[in-house]
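For reference, the structure discussed in these notes is given below.
The values are calculated or read from the model by the stated rules, or taken from the named source; none is laboratory data. Please read all numbers here as calculations on a predicted model, not as lab measurements. Positions of Cβ are backbone-derived with ideal geometry, glycine not excepted, and every protein chain shown enters the neighbour counts. These area figures cover heavy atoms from the full protein model, side chains too; ligands, DNA and RNA do not enter into them. Shrake-Rupley method; radii C 1.70, N 1.55, O 1.52, S 1.80 Å.
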Amino acid sequence: MIGLDLFRQILQENRGRLPLLTLEEFFSGNSEEDSIAPNRWGYGRPSLAEMWGMLRGVELRENVAWVRVSLHDDTEMADAGGEAVLRLVGESIVICTDLDADVLEEIVDCEWLCSDGVVASDPARWFSCVPPIPRGFACREIVWD
């Protein structure tokens, strides 16, 4: 999971704009099951470990340039017993691909994810740390409402 110091540095360098996180930065060491799609956890949404495994497979596909986690505004740096901690809250999964949304929905199995589907996305409009988007590719988001 991304460290607090690096997270603070990114925010400072990007005028407070939340970064898109790599799968490793969001999922590794993250045991907070309600840190993404909290309203679906306990109601069929797979575990973080299962989601991470599936998304790593998607990221390896030749028609996928990258996969990132967008953060919700509820992401916070809080004080826990005198120690600053980072509480990540994922909003969606952003996938840079040349696949159409309906094909991507099948590949990621939105029903299994208890997701509301895949929509077009322009992450650079809202987030920092957006990798380059290759020619012919576009960004799609797996969303939960």
Q. Using r as the Cβ-Cβ distance of Glu62 and Ala120, and R0 as 25 Å, what FRET efficiency do you calculate, to the nearest 0.05?
A. 0.70
Q | Extension gain, Ser31 back to Asn14 (0.36 nm per residue minus Cα-Cα distance, nm) | A | 3.4 nm
Q | Cα-projected label distance for His72 with Arg87, points at 7 Å along beta-carbon direction, nm | A | 1.1 nm
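Determine the per residue accessible area of the chain with all protein chains present and a 1.4 angstrom probe, expressed in square angstrom. Walk me through the numbers before you get to the answer.
Details: 7810 Å² over 145 residues.
For the chain, the per-residue accessible area is 54 Å².
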